[in-house]
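S.K.: Right, I'll just put the structure down here and ask away after.
The values are calculated or read from the model by the stated rules, or taken from the named source; none is laboratory data. This is a predicted model, so every value here is computed, not measured. Because the Cβ atoms are built from the backbone with ideal geometry, glycine has one as well, and the counts that use them run over all protein chains shown.
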Amino acid sequence: MAHIHLEDGSFTLFWVVVWWAIALVLICAALIWVRSAKKTDNRKITLAAFCTAAAFAIFQVSIPLFGGVHLNLTPLIGILVGPAIGSFVVLIINILSAAIGHGGWGMIGANLIVNVIEVVVAYMVFRALKNVFPGAFARGGIATFASLFCGNLAMIAIILISEIQGVTQSKSQILAGLSLLAGLNMGVAIIEAVITGMIITYILRVRPDMLESERP
């Protein structure tokens, strides 16, 4: 969904370093969070491994709509394993994606920021709506849509701030194009929201202990 599909050289070195630095701060914060836990839940680690494999596979499948769009499952990752471990999951996915040419290596920092925002927002919204929408489907769907909306806003902001090298369009023209792309992405986000809601509903029915967001 909100993935910056640009090759290396699209951003200046300065902005590549800036986004990488912010991304590393986020990863360090996640590492401190995980290390502060009294005990690592092996079930969560196993679930994170499955999420990594599934999300990476889904991420490479292009839906032939509007020139090609795809799901990314970052909201589901946040809901299932939480923001800390979820940050490591999206880091691995972005590294593997860059390794097969799905975006440049220099874009990993920017894309990681976008994906971590999606993971964190999905986790927080899903948890916050527990007393408002008891049903898992509604909570999962709303959390997914909200997180992907925030991810698209972050993507637009990063591109506008960084500016694409070699592009002669004005910022207003770039914003118009990115807004159209974000609109298409949010159309697909509805599909991902339904899928995530169904998955969460099933997991809560058969294995509620698997959900990070449902634990006290």
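Residue-by-condition table, conditions (1) surrounded by fewer than 24 Cβ atoms within 10 Å (Cβ to Cβ); (2) among the hydrophobic types (A, V, I, L, M, F, W, C):
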| residue | (1), (2) |
| --- | --- |
| Ile77 | no, yes |
| Val90 | no, yes |
| Asn94 | no, no |
| Ile100 | yes, yes |
| Ile113 | yes, yes |
| Met124 | yes, yes |
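S.K.: Give me a count of the residues in the stretch 194-216 that are modelled with pLDDT of 85 or more and surrounded by 14 or more Cβ atoms within 10 Å (Cβ to Cβ).
M.R.: Total meeting the criteria: 10.
S.K.: Then there's this: Take the residues in the stretch 131-141 that are surrounded by fewer than 21 Cβ atoms within 10 Å (Cβ to Cβ) and touching a residue at least 40 places away in the same chain (Cβ under 8 Å), then tell me which one is farthest from Pro208 (Cα to Cα).
M.R.: Applying the first criterion (surrounded by fewer than 21 Cβ atoms within 10 Å (Cβ to Cβ)) to the stretch 131-141 yields 131-135, 137-138.
Restricting the remaining residues to those that are touching a residue at least 40 places away in the same chain (Cβ under 8 Å) gives 135, 137-138.
Working: Gly135: 13, Phe137: 14, Ala138: 16 Å.
Step by step, filter the stretch 131-141, then rank; the result is Ala138.
S.K.: Give me the helices (runs of 4 or more DSSP H) completely within the stretch 1-119, filtered to those with at least 3 residues that are of a type in the set (S, T, N, Q) and modelled with pLDDT of 85 or more, ordered by residue number. Walk me through it before giving the result.
M.R.: Values: elements: 13-36, 42-59, 74-99.
Helices (runs of 4 or more DSSP H) meeting the threshold: 74-99.
S.K.: For Gly166, all conditions in the list (1) in a helix (DSSP H, G or I); (2) over 22 Å from Phe59 (Cα atoms); (3) small (Gly, Ala, Ser) hold save one; what is the number of the exception?
M.R.: Every listed condition holds for Gly166 apart from (1).
S.K.: Can you tell me how many residues in the stretch 170-188 are surrounded by 12 or more Cβ atoms within 10 Å (Cβ to Cβ) and not in a helix (DSSP H, G or I)?
M.R.: Going through the stretch 170-188 one residue at a time, the tally reaches 0.
S.K.: Additional query: Check Ile191 against each of (1) surrounded by fewer than 16 Cβ atoms within 10 Å (Cβ to Cβ); (2) out of contact with any strand residue (DSSP E or B) (no Cβ under 9 Å at 6 or more places or on another chain) and name the one condition it does not meet.
M.R.: The one condition Ile191 does not meet is (2).
S.K.: Here's a follow-up. Restricting attention to the stretch 164-189, which residues are in contact with a Ser or Thr (Cβ under 9 Å, 6 or more places away or on another chain) and under 16 Å from Ser147 (Cα atoms)?
M.R.: Ala189
S.K.: Criterion first (at pLDDT 85 or above and either on the phi < 0 side of the Ramachandran plot or over 16 Å from the mean Cα position of the chain (by Cα) (or both)) does Leu153 satisfy it? Explain how you work it out, then say what you get.
M.R.: Details: at pLDDT 85 or above: yes; either on the phi < 0 side of the Ramachandran plot or over 16 Å from the mean Cα position of the chain (by Cα) (or both): yes.
Considered against the rule, which asks whether it is at pLDDT 85 or above and either on the phi < 0 side of the Ramachandran plot or over 16 Å from the mean Cα position of the chain (by Cα) (or both), Leu153 comes out as yes.
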